[in-house]
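The structure appears below as C-alpha cells.
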Amino acid sequence: MKPRYVIIGASAAGSSAAETLRRHDPNAQITVVSDEKITYSKPLLSYYLAGKLGEEQLFFRSPDFYERYGIEKIHARAVGLRPEKSTVELSNGQKLHYDKLLLATGAAPRFPKVEGIQRDGVFGLRKLEDAQGILARLPKTKRAVVLGGGLVGLKAAAALKERGVAVTVLIDSPHALSQMLDESSARIFEKIFEQNGVAIRTRAKPVAVLGTKEKIEGVQLASGEVFPCDVIVVGKGVDPSVELLEGTRIRRDYGVLVDDYLRTSVENIYAAGDVAQARDVLRGEPWINALWPCAVEQGRVAALNMLEKKAAYRGSMRMNSVQFFGVPVISAGLAVLTPGPLGGRPGEHDETLESRPAPGIYRKIFLKDDTIVGFVLVGDVPIEAAGVLRILMERRVNVASIKEELLELGPDLGRLLPLIVENKERFVEREFQELVHTVGV
Amino acid sequence: MERLFCDPRRCVGCRACEIACAVEHTPSKDLFVSVLNGELGPPRRRVQALGAQPYRVAIGGVVLSLGCHHCDPAPCVDACITGAMHKEDGQTVCDTDKCVGCWMCVMSCPYGAITPKVKALKCDLCPDRKDKVGRSRYACVEACPTEALFAGTFEEFQRVLAEPISAGWEGAR
C-alpha cells in the first residue's frame, strides 16, 4: 500500500514539504489541502500592492507545480481533525484518510480589539484577496491609515504611498519596527518614512474605527484625536492558525508545539511554518519565528521525518531583510529588547558593539558571553556580512578572538576560517567540511 | 556535480579570477570595452585572506578564492520569497528576472557569496561558456595563472590536494 501524506496549507511550508516528499518517494500519494485557489508568495503582496509586480509574478512555484510533481491539490478548508481515526474533514464534505499529516496552516493577521474594526474598508495584508480589496478601493482612496509599525505595516504604508495615497502610520509602541530594530536604528527609518511623505505617529493607541456600515471615516485615538481615512490596513502581527486543533490532544502553547523532528504530541501528525512552535536556537525554547526561510526549512525537515528519514531540526531564529525607500536593513537574533509576546527580554545580551561611520549608516552587534545574539545592519554597508554574522550566531561560536573586527566585517569568510576550523564540529555541512579539509592541506 | 575549488597552496591572491569573473558577466566580455562602457559589475567570487597580508601570504596564512558553494540544501534557496533562487541539476541559480532585491538570500548565505546589486548576483557557473571544455569552461579557472582554481567534483579535488606541489611553488609563496 502506498502511504498517504496529507498536507494542510500550500504556502512556504506546505509546498516545501510536498516537494520534498515527492523527491524522496516517487510513489507516495500526496494531497495538499488549501483554502486558497492559487499558491503565491505572501511576502510579495506589498510589491503587488505597490504595483511593482503583477498577479502572475507572485507565484514562487511554477503554476504547473502540482501537476508536474503528481500532487493532488484540493481547494477546500480543513474543518475537522480526528487523530484517533486518522482523518481530516474538509469544508466540501470530503473526508481524507492520512498515514502522515502535516499541519502547515500558517497564521492570520491579529486585529486590535477596537470598536468598528470589523467595518468594510479595514484590511490585513496577508492574503491576495486583502491586497485585491485594497486595490479595488484605491480610486476612491485619498487617505489611508496603517495600524501597526511592524514590517507588514510599513511595507503596506510604503506601497500605498507609491500609489499616491496620503498615509499615516499609527504605532502603539514607542518606536517603529519594535520587533526588529532597536530604538536608534528604528529612528533612522522613521525619518526616512517622514522624508518620503509618510506620517509616523508613535505611542498612538487607536480606540475606534469611525464611520458607517458602508464607509469608514477615520481612526480615533485614546486621546480623542481623529485621523480621517478611506481605507485602513492592519499590520499588527499574526497569530498561528490553530482552529483545527480544537478538541484534539495535540499540545500547543502559542502555536502547535513540535519536537526537534517537528512531530506534534500526537502520533503521525507533524507541524511546520508559522503555525509551528519549534526550537529557537538563541532562546533554547520553542518559539515561533513566522518567517519565510524558517517555514521552507521546517517544511522540508518535517517531510523528511514523515518519510522516516530521521532529520533533526537545528532550530530557527528571528531574521529579516527588507528595504524601505531604497535603504536596506537586515536584523537578526535578539536585537530588540521590547518585551512582548514575540519580543526580547532583558539580559539577553551583555555587550553591544556599535558603529555609525556616516549618517544613515549603522551597525550594531549584540553579544552575550562573547557569542553573537543579535545584529542590525542599516544603510549602505556591505550587507553580505549579514550572512557571515548570522552563521556565527546560529552556530553559537565564541567570537572573542575577532571581536575588534566584527563591526568592520565584510563578506569575508576568510577572516572566519580559523573560527570555523576551531569549531568544525558545529559546521557539519558538506560544504564547510570541504573548506576545513582544503585549508588544512 | 562539477563545482569550483581553490587550492590554498597555489593561490597567491592575485585576484585575476575576480577580474575575469566580472568581465565574463558583461555584454562585451572584454575588459577594456567593459571598463570604457562602465559595464563592469562586481565579481561573483572574491579572494579572501586568512592572515595579516592579503596579497602575500604571511607565515601560516592562507589566501583563497571563494564563491558560491552550490550548497544542498541551499539556505539562499530556502530564503527566496520569489522562487528566483533555485536549484537546477545541483547548481544554485538565480533567475534575475524574478529577483525583487529583498536580500533575504544575502542574509542567509553563510559564505557571503551573494552580492546585492539591484538583483542578487552570484556565481552562475558561466552559462555562456557551456560549449567550452577544459580550463576554459569557467572564466575564473581559465584566468588563474597558478592553476589554483579547479573545476570538478570534491573527490577529484581531494586527489589534487593529495599530490605534493613542486618546490618552486613554495618559493613563489
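The values are calculated or read from the model by the stated rules, or taken from the named source; none is laboratory data. It should be emphasised that the depicted structure is a prediction, and the values quoted were computed from it without experimental measurement. Cβ: placed from backbone, ideal geometry, glycine included. Neighbour counts: every protein chain shown. We work out accessible area using only protein heavy atoms, side chains counted, and drop any ligands, DNA or RNA first. Shrake-Rupley method; radii C 1.70, N 1.55, O 1.52, S 1.80 Å.
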So residue A:384, is it more than 9 Å from chain B (Cβ to nearest Cβ) and over 24 Å from residue A:283 (Cα atoms): no
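A quick yes/no check of all residues on (1) open to solvent by 60 Å² or more (accessible area, probe 1.4 Å); (2) closer than 30 Å to residue A:193 by Cα:
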| site | (1), (2) |
| --- | --- |
| A:350 | yes, no |
| A:365 | no, yes |
| A:370 | no, no |
| A:381 | no, yes |
| A:405 | yes, no |
| A:410 | no, yes |
| A:413 | no, no |
| A:418 | no, no |
Determine if the range A:261-269 includes at least one residue that is within 30 Å of residue A:377 (Cβ to Cβ), of a type outside the set (Phe, Trp, Tyr) and crowded, with 21+ Cβ neighbours inside 10 Å. no
Sort out which residues of the range A:65-122 are part of a strand (DSSP E or B) and charged (D, E, K, R), and write them in order of number. A:72, A:73, A:82, A:89, A:95, A:100, A:115
Cβ-Cβ below 6 Å, separation at least six or inter-chain, first residue in the range A:126-144 and without any contact (Cβ under 8 Å) to a residue 24 or more places away in the chain, second buried (at least 17 other Cβ atoms within 10 Å of the Cβ): which pairs? A:133/A:123
Scanning the range A:261-281 for residues that are outside any helix (DSSP H, G or I) and within 14 Å of chain B (Cβ to nearest Cβ), which turns out modelled with the lowest pLDDT? A:281
Just to be sure before I move on: is residue A:50 within 23 Å of residue A:132 (Cα to Cα) and not assigned by TED's automatic domain parsing to the domain that holds residue A:297 in the structure I sent? yes
Count of the range B:102-119 residues which are closer than 15 Å to residue A:43 by Cβ and more than 7 Å from chain A (Cβ to nearest Cβ): 1
Every residue from the range A:10-64 that is outside any helix (DSSP H, G or I), in contact with a Lys or Arg (Cβ under 8 Å, 6 or more places away or on another chain), within 11 Å of chain B (Cβ to nearest Cβ) and over 24 Å from residue A:235 (Cβ atoms): A:62
When you look at residue A:235, is it open to solvent by 20 Å² or more (accessible area, probe 1.4 Å) and among the small types (Gly, Ala, Ser), yes or no? no
Which one of these does residue B:62 not meet: (1) modelled with pLDDT under 85; (2) open to solvent by 60 Å² or more (accessible area, probe 1.4 Å)? (2)
Members of the range A:110-124 found to be over 21 Å from residue A:254 (Cα atoms) and touching a strand residue (DSSP E or B) at 6+ places or on another chain (Cβ under 6 Å), listed by number: A:114, A:115, A:116, A:117, A:119, A:121, A:122, A:123
Of these, B:140, B:144, B:105, B:109, which one is touching a strand residue (DSSP E or B) at 6+ places or on another chain (Cβ under 8 Å), open to solvent by less than 60 Å² (accessible area, probe 1.4 Å), at pLDDT 90 or above and in the same structural domain as residue B:85 (by TED's automatic domain parsing)? B:105
Report yes if some residue within the range A:282-295 is touching a Gly at 6+ places or on another chain (Cβ under 8 Å), assigned to a strand (DSSP E or B) and in contact (Cβ under 8 Å) with a residue 60 or more places away in the chain; otherwise report no. no
Test: residue in the range A:307-314 that is away from chain B (no Cβ under 13 Å), assigned to a helix (DSSP H, G or I) and either under 24 Å from residue A:368 (Cα atoms) or open to solvent by less than 40 Å² (accessible area, probe 1.4 Å) (or both): no
Hits in the range A:131-146 - residues which are among the hydrophobic types (A, V, I, L, M, F, W, C) and either at pLDDT below 95 or surrounded by fewer than 24 Cβ atoms within 10 Å (Cβ to Cβ) (or both): A:135, A:136, A:138
Buried (at least 18 other Cβ atoms within 10 Å of the Cβ) and assigned to a loop (DSSP other than H, G, I, E, B), is that true of residue A:149? yes
Just one of (1) at the interface with chain B (Cβ under 9 Å from one of its Cβ atoms); (2) over 19 Å from residue A:284 (Cβ atoms); (3) touching a residue at least 12 places away in the same chain (Cβ under 8 Å) trips up residue A:430, so point out which. (3)
Output yes when any residue across the range A:241-259 is in a strand (DSSP E or B) and under 17 Å from residue A:296 (Cβ atoms), and no when none is. no
Hits in the range A:125-146 - residues which are in contact with a Phe, Trp or Tyr (Cβ under 7 Å, 6 or more places away or on another chain) and outside any helix (DSSP H, G or I): A:145
Considering the range B:66-91, residues that are within 11 Å of chain A (Cβ to nearest Cβ), within 20 Å of residue B:138 (Cα to Cα) and out of contact with any Leu (no Cβ under 9 Å at 6 or more places or on another chain), and then whichever is least open to solvent (accessible area, probe 1.4 Å), we arrive at B:71
Looking at (1) within 14 Å of chain B (Cβ to nearest Cβ); (2) open to solvent by 20 Å² or more (accessible area, probe 1.4 Å); (3) touching a residue at least 60 places away in the same chain (Cβ under 8 Å), which one does residue A:120 not meet, given that it meets all the others? (1)
Taking strands (runs of 3 or more DSSP E) that fall entirely within the range B:89-173, which contain at least 3 residues that are out of contact with any helix residue (DSSP H, G or I) (no Cβ under 7 Å at 6 or more places or on another chain)? B:91-94
Result of the Cβ filter at 7 Å on the range A:197-216, keeping first residues that are in the same structural domain as residue A:149 (by TED's automatic domain parsing) and partners that are open to solvent by 10 Å² or more (accessible area, probe 1.4 Å) and among the polar types (S, T, N, Q), at least 6 apart or interchain, is A:199/A:168; A:201/A:168; A:202/A:173; A:206/A:220; A:207/A:220; A:208/A:220; A:210/A:220
Count, please, the residues in the range A:180-200 that happen to be open to solvent by 30 Å² or more (accessible area, probe 1.4 Å) and hydroxyl-bearing (Ser, Thr, Tyr). 1
Taking into account only those residues within the range A:393-423 that are part of a helix (DSSP H, G or I) and modelled with pLDDT of 90 or more, which is farthest from the other protein chains (Cβ to nearest Cβ)? A:400
